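Working notes, structure below.
The values are calculated or read from the model by the stated rules, or taken from the named source; none is laboratory data. Everything quoted here is computed from the prediction, not taken from an experiment. Heads up, the Cβs are rebuilt from the backbone with ideal geometry, glycines too, and the neighbour counts pull from every protein chain shown. The protein model used for the area step is the full one, side chains on, heavy atoms only, and it has no ligands, DNA or RNA in it. Shrake-Rupley method; radii C 1.70, N 1.55, O 1.52, S 1.80 Å.
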Amino acid sequence: MTGRFIMRSLALALALALGFALAQTTVTIATVNNPDMQIMEELSSVFEEQNPDIELEWLILDEATLRSRLTTDIATGSGSFDIVTVGAYETALWGQNDWIESIDGLAAQYPDAAAGYDFDDLLPAIADGLRVDGDLYAVPFYGESSFTMYNAALLEAAGQTMPEQPTWQEIRDIACAVHDPDNGVNGIVLRGKPGWGDNMGPITTVVNTFGGQWFDAEGVPQIDTPEWNEALTFYRDLVQECGPPGVTGISFPEGLNLMSQGQAAIWVDATVAAGFLANSPVGDDMGHALAPVGPVPKGNGWLWSWNLAIPTTSDATEEAFEFMMWATSKDYIELVAQEKGWAQVPPGTRISTYERPEYQEAAPFAELVLEAIQSVDPTDA
């Protein structure tokens, strides 16, 4: 318990005793509508109880809308938000532009809020991507790579088995063998909704493993190449022939819903989904394998994190920093484990999470997820 928390509690008690209202600072948070963030909003009442002089306001949007809204707000210095949820890609760019605060600087300025946080416990593979000239500019809320999730019961009923390291051709063969739309079973679900944070996530990894790339060493775009054509054609044919209808409306939430209801047999997507599937109606049937490879066994998995950062335009920097430290702390992980179960704690951020026997037992996929995260090299995709 920090001195600041004790002082707040005393101030609240005094205010109540004297009949005064305690002045509150509002912290406005913009975040994405992923399940982990929805849990954060739900459990944030615990933080408000511990900090009665801070009121939290939330703006929760789908990924494409959030990214557009935040980029405009940050670039123009509008100052609408005190905490923003940013990806690994934006963090370094925004830090270089002085659009977001240095976390190291804030920790030095507000040592009470950072006490016991244990920055050394953050997974290096995730934290290193959030640094600019050695300084941390955001704290990870969850980290992920990609891998293959499959309904073992559906595969077994169709006489299929999943290799530990499947190829995309093997994925297609299995998916199309299981595909049975007349009985409500789709062989595979993949993102088809247009957008960089939607279908371009998995499509880029397919392009990588088919030998393609976005740019060559001189920065010349490489989209109009045989490798891109082959990868996109393969992806299109797979989702249209052995996936659910309306693929252009499917992204992460829709894929999670189809898998959790037993309406899809295979899903290649973010490792963060494994925890939610574990607690779904098909949890006992879920199996996991590495992300598929193509003709080129490289670049088959992505590395991503959703992180909390504070815009330099915030007028509630200290209060925002206190919430960030709380929401990405070891104590918060314990709180989620207590309220939602260990399988649903935010993954991919802390070394200590993967060392906990409780997490290893509840999340049999944990070792594979950690392997996937640590095996990705963003500088050599």
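Going by the structure shown, is G219 open to solvent by less than 10 Å² (accessible area, probe 1.4 Å) and either part of a helix (DSSP H, G or I) or more than 30 Å from A363 (Cβ to Cβ) (or both)? No: the conditions fail for G219.
Look at (1) touching a residue at least 60 places away in the same chain (Cβ under 8 Å); (2) under 13 Å from N34 (Cα atoms) and you find that M286 fails only one, number (2).
Taken over segment 253-309, residues that are within 30 Å of I100 (Cβ to Cβ) and hydroxyl-bearing (S, T, Y) amount to 2.
The set of residues from segment 235-251 being crowded, with 16+ Cβ neighbours inside 10 Å and out of contact with any Leu (no Cβ under 9 Å at 6 or more places or on another chain) comprises C242, S251.
Remark: pairs (first residue in segment 316-341, touching a residue at least 60 places away in the same chain (Cβ under 8 Å) and farther than 16 Å from A138 by Cβ; second residue among the basic types (K, R) and surrounded by 18 or more Cβ atoms within 10 Å (Cβ to Cβ); Cβ separation under 7 Å; 6+ apart in sequence or on different chains) = K330/R350. Kindly check whether there is at least one residue in segment 366-376 that is buried (at least 19 other Cβ atoms within 10 Å of the Cβ), in contact (Cβ under 8 Å) with a residue 24 or more places away in the chain and more than 18 Å from the chain's Cα centre (by Cα). For segment 366-376, residues buried (at least 19 other Cβ atoms within 10 Å of the Cβ), in contact (Cβ under 8 Å) with a residue 24 or more places away in the chain and more than 18 Å from the chain's Cα centre (by Cα): absent.
Among the residues making up segment 11-41, those that are part of a helix (DSSP H, G or I), at pLDDT 95 or above and in contact with a helix residue (DSSP H, G or I) (Cβ under 8 Å, 6 or more places away or on another chain) are I39, M40.
Among residues of segment 329-363 being of a type in the set (S, T, N, Q) and buried (at least 23 other Cβ atoms within 10 Å of the Cβ), the one that is farthest from M286 (Cα to Cα) is T349. How many residues does segment 252-279 contain that are open to solvent by 10 Å² or more (accessible area, probe 1.4 Å), at negative phi, at pLDDT 95 or above and of a type in the set (G, A, S)? Result for segment 252-279: 1.
As a summary of the residue check, D285 satisfies the conditions (1) out of contact with any strand residue (DSSP E or B) (no Cβ under 8 Å at 6 or more places or on another chain); (2) surrounded by fewer than 20 Cβ atoms within 10 Å (Cβ to Cβ) except for the one numbered (1).
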